[in-house]
Amino acid sequence: MNQPNPEKPIQNTRGIVRLPIILSLTLAAGMLLGATFFSGGKKLTDVAKGYAKFREVLMLVESNYVDSVNTDELVDFSIHKMLEKLDPHTAYFNAEEATAARSQLDSGFDGIGVEFNIYNDTVYVVTPLNGGPSETVGIQSGDRLLKVNGEQLSGPGVTNAQVFKSLRGKRGTEVKLHIGRTGVKGGMDFTVVRDRIPQYSVDAAYMVDEEVGYIKVSRFAESTYEEFKTALSSLKASGLKKLILDLRGNPGGYMERATSMADELIGGNKLLVYTDGKDNRFDRKTHARFDGMFEEGPVIVLVDEGSASASEIMAGALQDHDRALIIGRRTYGKGLVQMPIKLSDGSELRLTISRYYTPSGRSIQKPYELGKGETYNEDLTNRYNSGEYFIADSIKFDPNLRFKTDGGRTVYGGGGIMPDVFVPRDTSMNSKYLFELYAKNIIREYALRYGKEHQKTLEKLTFDQFLADFTVSDAMMKELVRDATAAGIQYNERGLNRSRPYIAAQLKGLIGRYQWGRQRKDGLSNEMYQVLNPIDKMYQEALRQFDKATDLERGDFSSLNLVKEK
């Protein structure tokens, strides 16, 4: 047997050098979670022993293991496995992941300005962003991004992270693109100068009629509050008397943006949210502090199982103060506070330090067990299987977690925000054929092609005329089916008939956005939502429930249903 050479120096590889990250994670946890970390020294001694053991094992692997190993990957894997023993929301991101995660909440980024989609290992341009550098040089929807700066981009195994890394960069720098375009042999070359690309989080803001306004917020990002104020101000100038705020599918983001938005709707200095943790240094209370733009007038908030974190904070504050009628389905149930801690190599720890509580004192966090993240992540699937998405009576709350709103209504903690009016998930237009059309981007590509080919005709219309009079014809639907068949999707008459109203609405909305929406500079997709919302059952239910919302604002709760206890 060959013996290891004791004279051989131990190499301090990058992975070994990064070992202090392990200690910094634990030290950060101790400093954040309380001074008891240092009391008596026992916990610090335990951490030091664990760190020394891990370092010893990793160095032995690096020096003596029979095969070559990537110690960076070992360290990252070890951190991930360690954090799995904690709550489901404490997380670690390597440097690349951390940058990508933070960019989702930035008000913008530096890049070339395209929305892309990867299909069959090929990167397709869905649309160049309005006013962005790609649109300026002539990049078009449907173009295939084949090479970036001479390096192959499309190909087996291409990922979103690769595309982001290739296309984003410092503003003012050049990107040389080789693209494929239908009808052009040999491809085309473009030089695009990166610029600041704004990201918007208020997706729509328009007047439904002379009194009702609609605002859709997709996440709580850096610029969300300013976008919301601009939208609300515009609607007020147009006669806003009643508001629908759509938070469906909103995963959260910056809590401060959510509370600032709630402050625009809640009067006085009422409590909006508070946090409580192991260390009181991270306990805080947030109150309304200024006169809002819409503190009077009925408000309806739309939520579903995709509404999480900051969305639930805002919905909970409005519900606890009897300020808004909540319509939809039970929200996700994330009420844990994560503090982002940037580590020395650019990676990031998001450490849970406290819990959110709504003004009535309820925690919105759904139950979890330490170290059982897999079970926790199955919750939404279990809700679906139990029928919760479809039958209100299947939703039960713990009677021991009963709380009261300002007006004495009963609300429950321990599992998200339960709406005042339940609306089941609508699957009436779903079909396998529809999902296949989505998977191969058939609807969007046909709509964009139609918009280009009929641009002169569309230019003669106003959007209001288009909204009222344009109909997706049988001929258009046949052309779409031909496109789908050519792409390898087997025709399914039953599936097409079932999904036809939704497909037609998607086509009309995309055509409308192509013709009128691309002229916008505010990031809104009003044209799309004005076409789709009329066939949206939850939206339609909201329009029917303004009498209840008005009663709620007046303090009359007799028309509101109570949630059944288990």
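Residues are listed down the side, and each one gets a yes or a no for (1) under 16 Å from the mean Cα position of the chain (by Cα); (2) in contact (Cβ under 8 Å) with a residue 40 or more places away in the chain; (3) over 30 Å from Thr550 (Cα atoms):
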site	(1), (2), (3)
Lys165	no, yes, yes
Pro198	no, yes, yes
Glu210	no, no, no
Phe220	yes, yes, no
Thr224	yes, no, no
Lys229	no, yes, no
Lys242	no, yes, no
Met255	yes, yes, no
Kindly indicate the residue of the stretch 255-283 that is over 21 Å from Ala221 (Cβ atoms) and in a strand (DSSP E or B) and also modelled with the lowest pLDDT among those meeting that condition.
Gly277
Residue count, the stretch 355-388, condition under 20 Å from the mean Cα position of the chain (by Cα) and at pLDDT 90 or above, comes to 3
Quick count over the stretch 191-215, residues being at pLDDT below 90 and of a type in the set (A, V, I, L, M, F, W, C), is 1
By residue number, the members of the stretch 59-72 that are in contact with a helix residue (DSSP H, G or I) (Cβ under 9 Å, 6 or more places away or on another chain) and either under 22 Å from Lys372 (Cα atoms) or touching a residue at least 24 places away in the same chain (Cβ under 8 Å) (or both) are Met59, Glu62, Asn70, Thr71, Asp72
If you go through the stretch 223-231 one residue at a time, do you hit one that is touching a Gly at 6+ places or on another chain (Cβ under 6 Å), modelled with pLDDT under 95 and within 30 Å of Thr136 (Cα to Cα)?
no
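For the stretch 350-375, how many residues are charged (D, E, K, R), outside any loop (DSSP other than H, G, I, E, B) and buried (at least 21 other Cβ atoms within 10 Å of the Cβ)? Lay out the reasoning, then the answer.
Taking the stretch 350-375 first, the residues charged (D, E, K, R) are 350, 355, 362, 366, 369, 372, 374.
Narrowing the set further to residues that are outside any loop (DSSP other than H, G, I, E, B) leaves 350, 355, 374.
Add one more test, that the residue is buried (at least 21 other Cβ atoms within 10 Å of the Cβ), and what stays is none.
Qualifying residue count for the region: 0.
Check Leu543, Leu532 and return the single one that is more than 22 Å from Lys452 (Cα to Cα), part of a helix (DSSP H, G or I) and at pLDDT 95 or above.
None of the other options fit; the residue is Leu543.
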Those residues of the stretch 291-335 which are over 21 Å from Ser260 (Cβ atoms) and of a type in the set (A, V, I, L, M), in sequence order
Leu325, Ile327
Residues within the stretch 310-344 that are within 16 Å of Gly414 (Cβ to Cβ), in contact (Cβ under 8 Å) with a residue 40 or more places away in the chain and not aromatic (Phe, Trp, Tyr), tallied
11
Matching option when the condition is among the hydrophobic types (A, V, I, L, M, F, W, C), in a helix (DSSP H, G or I), without any contact (Cβ under 8 Å) to a residue 40 or more places away in the chain and loosely packed, with under 10 Cβ neighbours inside 10 Å, among Ala468, Ala504
Ala468
Could you go through the stretch 286-302 and let me know if any residue there is closer than 25 Å to Thr352 by Cα and of a type in the set (Phe, Trp, Tyr).
no
Filter the stretch 68-116 down to the residues that are aliphatic (A, V, I, L, M), at pLDDT 85 or above and in a loop (DSSP other than H, G, I, E, B) and list them by number.
Val69, Leu86, Ile112
Out of the residues in the stretch 28-51 that are more than 22 Å from Ser354 (Cα to Cα) and loosely packed, with under 12 Cβ neighbours inside 10 Å, state the one that is modelled with the lowest pLDDT.
Gly40
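Would a scan of the stretch 318-327 turn up a residue that is touching a strand residue (DSSP E or B) at 6+ places or on another chain (Cβ under 8 Å), within 22 Å of Gln365 (Cβ to Cβ) and not in a helix (DSSP H, G or I)?
yes
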Counting only residues that are within 30 Å of Gly138 (Cβ to Cβ), among the basic types (Lys, Arg) and part of a loop (DSSP other than H, G, I, E, B), how many does the stretch 187-222 have?
1
Kindly evaluate Phe397 against the criterion of being aromatic (Phe, Trp, Tyr), buried (at least 19 other Cβ atoms within 10 Å of the Cβ) and within 27 Å of the chain's Cα centre (by Cα).
yes
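The values are calculated or read from the model by the stated rules, or taken from the named source; none is laboratory data. Not measured: the values here are computed from a predicted model. Glycine gets a Cβ as well: all are built from the backbone with ideal geometry, and neighbour counts include every protein chain shown.
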